[in-house]
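Asks: The structure under discussion is supplied below as structure tokens; questions concerning it will follow.
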Protein chains: 2
Amino acid sequence: MAGSQDEVKLLGVAGSPFVCRVKIALKLKGVEYKFIEENLHTKSDLLLKYNPIYKKVPVFVHNEKPISESLVIVEYIDEVWKGNNPILPTEPYQRALARFWSKFIDDKCVSAAWKAAFTLDEKEREKNIEESSEALQFLENELKDKKFFGGEEFGFVDIAAVFIAYWVPIFQEAAGLQLFTSEKFPKLYNWSQEFINHPVVKESLPPREPLFAFFKGRYESLGASN
Amino acid sequence: MAGSQDEVKLLGVAGSPFVCRVKIALKLKGVEYKFIEENLHTKSDLLLKYNPIYKKVPVFVHNEKPISESLVIVEYIDEVWKGNNPILPTEPYQRALARFWSKFIDDKCVSAAWKAAFTLDEKEREKNIEESSEALQFLENELKDKKFFGGEEFGFVDIAAVFIAYWVPIFQEAAGLQLFTSEKFPKLYNWSQEFINHPVVKESLPPREPLFAFFKGRYESLGASN
């Protein structure tokens, strides 16, 4: 349970979509926390202490109790700070669907979209473009005519999909790719605009320019590293 | 909510550890259901209707509402039939840990253990043996001196780990591999014996012999298919 003596820390890196999910959830719930910026090249003792298994961010630490895996963290935040702005629906079937689609985003969109942009091998690239497009089409269909995946307010699936709303448009531009466009996925595109301009989300996103420069650098070094 | 007019169906195949997770959860909750055996070579219209995205089993259908993904289904069952035998803990931090470890099993154990047994390439095989051993060691440590991952009664992590308790010993024998043994992982081994001999679990497992024969056939055809 949340209490007034809560100590809340988030270990993360600014540019990570997974860390951003946690930031959005905390902002939505109005939870004060200390952000500890990690350097993933030289993993800190704190990171190794709190996440000895994956040694990855985000790690959420509530009163010295650590949790990793962004979706597990977001669900925990929803359960502890449950008074306002629910993240998951209350009805069991709707909760199951929210969990299903969030997992779908992690399993089917994240890696495929990333590889579509940053794979040199043409065949592999094509395969990942096709897989990402298929996954985005499923999301386009699922959105139907709702404002957010969560309905009138954004929720668990929207938070999981911040990678699609904000990261994919940046890195596809850096890689000269037309993966997620308003022509191909009009509903999903409108959703993404609503979502990233929502005040809670907008304040939780990292600035675009350094992220774009990072992806551009990564894309341009692709040939060099092979 | 569960009601007396509930129609509960499970689309599955007998030999699947993921289907077995759902069977254990239903048995634990005392839910009556209709099992519909699927043939994954010729996907049925019912399967395509209820799981158009993955076209895979298990699919759980409650009053015509379908859910896929075994862990999502198990959590749904726990939320709907919540009166007795809780599957997830009630305390949010313990719930988060249960979700973390269940995901760990899916991400780190299932594919690595499978590939350790059924990969022809020696280097790839070695890599997967190492990864599986490392993952099993984390579980061995996590179990500590508890009877089950869930404590005195089995819960979400135990159900997720049925793959390790029952499937791994069968297919490692078929593949002549010593991946999960009582010498290497004594606590995990004791847990696996407790778990598969629990009356609820025992009645939910498929018979060993056809499973062993299937894996043996698969192992022996490895060379032929390459």
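Any read-out appearing in this document is the output of simple, stated calculations on the displayed coordinates, not a laboratory observation. Since the structure is predicted, the reported quantities are computational estimates derived from the model, not experimental observations. FYI the Cβ positions are ideal-geometry reconstructions off the backbone, even for glycines, and counts take in every protein chain you see.
Asks: For residue B:130, place a label point 7 Å from Cα along the Cα-to-Cβ direction in every copy; what are the distances to the other copies, in nm, shortest first?
Replies: Copy-to-copy label distances for residue B:130: 3.3 nm.
Asks: Do any chymotrypsin sites (Phe, Trp or Tyr not before Pro) in segment B:1-77 lie in a DSSP loop with no more than 14 other beta carbon atoms within 10 Å, and if so, which?
Replies: Working: sites: B:18, B:33, B:35, B:50, B:54, B:60, B:76; in loops: B:33, B:54.
Those satisfying the criteria are B:54.
Asks: Out of all Cα-Cα pairs in segment B:67-226, roughly what percent, to the nearest whole number, are more than 24 Å apart?
Replies: Working: 4661 of 12720 pairs.
So the portion of pairs separated by more than 24 Å is 37 percent.
Asks: Sticking with this structure for a sec: State log₁₀ I(q)/I(0) for segment B:1-103 at q = 0.13, 0.15 Å⁻¹ as given by the Debye formula over alpha-carbon point scatterers of equal weight, solvent excluded.
Replies: Ignoring solvent entirely, the Cα scatterers give -0.47, -0.62.
Asks: Pop the C-beta distance of residue B:91 and residue A:91 into the FRET formula with R0 = 25 Å and round what comes out to the nearest 0.05.
Replies: Numbers: r = 23 Å, r/R0 = 0.90.
So the FRET efficiency works out to roughly 0.65.
Asks: Could you give the nm distance between label points at residue A:35 and residue A:122, where each point is 7 Å from its Cα heading toward the beta carbon?
Replies: Distance between label points: 4.2 nm.
Asks: Right, here's the next one. Between B:52, B:179, B:132, whose Cα lies farthest towards the positive end of the dipole of chain B when Lys and Arg beta carbons carry +1 and Asp and Glu beta carbons carry -1, centred on the Cα centre?
Replies: B:52
Asks: Using a basic spin-label model with each label point 7 Å from the Cα along Cα→Cβ, how many nm lie between residue A:202 and residue B:63?
Replies: In this crude label model, residue A:202 to residue B:63 measures out at 4.1 nm.
Asks: How many nm separate the modelled label positions at residue A:133 and residue B:144, each set 7 Å beyond the Cα in the direction of the Cβ?
Replies: My value for the distance between the label points is 5.2 nm.
Asks: Sticking with this structure for a sec: In whole Å, what is the distance between the alpha-carbon centres of segment B:131-163 and segment A:134-167?
Replies: 34 Å
Asks: Using the Karplus curve 6.51 cos²θ - 1.76 cosθ + 1.60 with θ = phi - 60°, work out ³J(HN,Hα) for each residue of segment A:53-58 in order, rounded to whole Hz, and write x for Gly and Pro.
Replies: These are the phi-based 3J(HN,Hα) values: 7, 9, 6, 10, 9, x Hz.
Asks: Something else about it: Among the listed pairs A:144/B:23; A:65/A:103; B:184/B:216; A:82/B:49, which are separated by more than 28 Å between their Cα atoms? Don't jump to the answer; show the numbers that get you there.
Replies: Working: A:144/B:23 33 Å; A:65/A:103 24 Å; B:184/B:216 24 Å; A:82/B:49 36 Å.
Violating the 28 Å Cα-Cα cut-off are A:144/B:23; A:82/B:49.
Asks: Under the convention of a label 7 Å out along Cα→Cβ, give the distances in nm from residue B:178 to the same position in every other copy, shortest first.
Replies: Sorted ascending, the copy-to-copy spacings read 6.0 nm.
Asks: With just the Cα atoms defining each centre, how far is segment B:4-59 from segment A:72-127? Give it in Å.
Replies: Each part reduced to its Cα centre gives a spacing of 23 Å.
Asks: Continuing with this model, one more query. Can you figure out the FRET efficiency of residue B:43 with residue B:222, using R₀ = 30 Å and their beta-carbon distance, to the nearest 0.05?
Replies: On the way: r = 25 Å, r/R0 = 0.85.
Efficiency, from the Cβ-Cβ distance: 0.75.
Asks: Let me ask something additional. At most 11 other Cβ atoms within 10 Å and a DSSP loop assignment: could you name the trypsin sites (Lys or Arg not before Pro) in segment B:56-147 that fit? Please list the in-between numbers first.
Replies: Values: sites: B:56, B:82, B:95, B:99, B:103, B:108, B:115, B:123, B:125, B:127, B:144, B:146, B:147; in loops: B:56, B:82, B:144, B:146, B:147.
Listed in order of number, the matching sites are B:144.
Asks: Another one. Would you kindly give the portion of the calculated P(r) for segment B:113-186 that falls above 18 Å, as a percent of all Cα pairs? Write out the running numbers ahead of the final one.
Replies: Values: 1104 of 2701 pairs.
For segment B:113-186, the fraction of Cα-Cα distances above 18 Å is 41 percent.
Asks: From the Cα gyration tensor of segment A:176-215, with a ≥ b ≥ c the square roots of its eigenvalues, which class applies: rounded if a/c is under 1.5, or else prolate if a/b is larger than b/c, or else oblate? Walk me through the intermediate numbers first.
Replies: On the way: a/c = 4.40, a/b = 1.12, b/c = 3.94.
Oblate shape, in that a/c is at least 1.5 and b/c is the bigger or equal ratio.
Asks: Using DSSP loop states and a limit of at most 14 other Cβ atoms within 10 Å to flag GluC sites (Glu not before Pro), what is the longest stretch of chain B containing no flagged site? If you can, show how the numbers build up before the last one.
Replies: On the way: sites that count: B:7, B:32, B:64, B:152, B:153, B:183, B:203.
It runs B:65-151.
Asks: Based solely on its DSSP helices, what 222 nm [θ] is calculated for the protein assembly as shown when runs of n ≥ 4 H residues each add -39,500 (n - 2.57) and the sum is averaged over all residues, nearest 500 deg cm²/dmol?
Replies: On the way: 22 runs with 226 residues, N = 452.
-15000 deg cm²/dmol, from helical runs alone.
Asks: What list of whole percents do you get for P(r) of the protein assembly as shown, with Cα-Cα distances grouped in 20 Å bins up to the one holding the largest distance?
Replies: Taking all Cα pairs of the protein assembly as shown, the binned fractions are 22, 58, 20, 0 percent.
Asks: My understanding is that a pair violates if its Cα-Cα distance is over 20 Å; which of A:108/B:56; A:27/A:56; A:9/A:55 do that in this structure? Please list the in-between numbers first.
Replies: Details: A:108/B:56 15 Å; A:27/A:56 22 Å; A:9/A:55 16 Å.
With Cα atoms farther than 20 Å apart: A:27/A:56.
Asks: Here is a further query. Name the residue from A:62, A:93, A:20 whose Cα lies farthest towards the positive end of the charge dipole of chain A, charges +1 on Cβ of Lys and Arg and -1 on Cβ of Asp and Glu.
Replies: Farthest towards the positive end: A:62.
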